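Since the structure comes first, as structure tokens, the remarks are kept for the end.
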Amino acid sequence: MFKKLDNGALRFSIFPTLVYGMDCSDLLDDVLDIFKKVNWKDQTDAKGLSVSDDSYILNNNKKLVKTIEFRVNECLSEIEYTAPLKMTTSWFTRLRDGGDIVEHHHVNAFWSAVFYPFSEGCSSLTFLKNLTPINVPSNTLNPDLIMEGDVSFPIERGRLIIFPALLKHSVRMNDSGNDRNSLAMNFMPYGNCGTLDSQYHYR
């Protein structure tokens, strides 16, 4: 919660932004089997991004969905949510060589995750926090002290990255010469949340 500094002051870290990474290489075969059968939407955007035409691409593999849900909930267990998370949507993305993905966040979701079935073409996933109106340059490289700007996560094949759906993120230019492919997922709570007149049962 706090750290005592050399000068005697206490530094408190409040409202942290939590991002989790987990090796899920054992899921590669199942994900690749689904990827081989993907139908892509006809339209590729100006940045070279295509998405699968099915926003529930994993729904036919209930075992895989349950496995991913278990691991996401396992990662988030330290937060001690009173309701587990359940996968809502899932889709593949394909970013052509020279393309990038602009800053965005996921709506109608609580947490999100992305899985990388290939290592080729995996330019970093970058998370962003808005800059303040006053920009005083800082030389620290300590991520615990960087309160604005961006932080990039190098991508590894078989890695699952879990992050709050509201967290803005982007993908820098894919200059690998290959497509950059990923499996994206959203999650919502399942069961009762809230109290009294603010209670809602998510299904």
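The values are calculated or read from the model by the stated rules, or taken from the named source; none is laboratory data. Computed from a prediction, not measured in an experiment: that's the story for all the values here. Please note: Cβ atoms are built from the backbone with ideal geometry, for glycine as well, and neighbour counts cover all protein chains shown. Each accessible area value is taken on the protein alone, full model and side chains, heavy atoms only, with ligands, DNA and RNA left out. Shrake-Rupley method; radii C 1.70, N 1.55, O 1.52, S 1.80 Å.
Quick notes
- Segment 8-22 residues that are more than 16 Å from SER152 (Cα to Cα), paired with ones that are loosely packed, with under 13 Cβ neighbours inside 10 Å (beta carbon under 6 Å, 6 or more apart): LEU10/PHE2; LEU10/LYS4; ARG11/LYS3; ARG11/LEU5; PHE12/PHE2
Yes/no matrix, rows are residues, columns are (1) closer than 24 Å to GLU74 by Cα; (2) out of contact with any Cys (no Cβ under 6 Å at 6 or more places or on another chain); (3) among the charged types (D, E, K, R):
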residue: THR93; (1), (2), (3): no, yes, no
residue: PHE110; (1), (2), (3): yes, yes, no
residue: PHE115; (1), (2), (3): yes, yes, no
residue: LEU125; (1), (2), (3): yes, yes, no
residue: LEU131; (1), (2), (3): no, yes, no
residue: PRO137; (1), (2), (3): no, yes, no
residue: ILE155; (1), (2), (3): yes, no, no
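- Residues in segment 177-203 that are within 18 Å of LYS47 (Cβ to Cβ) and either open to solvent by less than 50 Å² (accessible area, probe 1.4 Å) or of a type in the set (D, E, K, R) (or both): ASP179, ARG180, ASN181, SER182, ALA184.
- Meets criteria (hydrophobic (A, V, I, L, M, F, W, C), closer than 28 Å to LEU10 by Cα and within 14 Å of the chain's Cα centre (by Cα)) for PHE127: yes
Yes or no, residue by residue, for (1) closer than 22 Å to LEU160 by Cα; (2) free of Cβ contacts under 8 Å to residues at least 24 places away in the same chain; (3) of a type outside the set (Gly, Ala, Ser); (4) touching a His at 6+ places or on another chain (Cβ under 7 Å):
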site	(1), (2), (3), (4)
LYS4	no, yes, yes, no
CYS24	yes, no, yes, no
LYS47	no, no, yes, no
ILE68	yes, no, yes, no
GLU78	yes, yes, yes, no
THR88	yes, no, yes, no
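- Test: residue in segment 37-55 that is open to solvent by 60 Å² or more (accessible area, probe 1.4 Å) and in a strand (DSSP E or B): no
- Residue match in segment 159-166 (condition: modelled with pLDDT of 90 or more, basic (Lys, Arg) and open to solvent by less than 50 Å² (accessible area, probe 1.4 Å)): no
- Every test in (1) part of a loop (DSSP other than H, G, I, E, B); (2) more than 12 Å from the chain's Cα centre (by Cα); (3) within 21 Å of THR17 (Cβ to Cβ) is passed by SER176 save one, and that test is (3).
- Of the residues making up segment 1-18, none is touching a strand residue (DSSP E or B) at 6+ places or on another chain (Cβ under 7 Å), surrounded by 15 or more Cβ atoms within 10 Å (Cβ to Cβ) and outside any loop (DSSP other than H, G, I, E, B).
- Taken together, the residues in segment 111-160 that are part of a loop (DSSP other than H, G, I, E, B), in contact (Cβ under 8 Å) with a residue 12 or more places away in the chain and not basic (Lys, Arg) amount to 19.
- Scanning segment 88-109 for residues that are open to solvent by 80 Å² or more (accessible area, probe 1.4 Å) and in a loop (DSSP other than H, G, I, E, B), we see that the one that is nearest to TYR202 (Cα to Cα) is ASN108.
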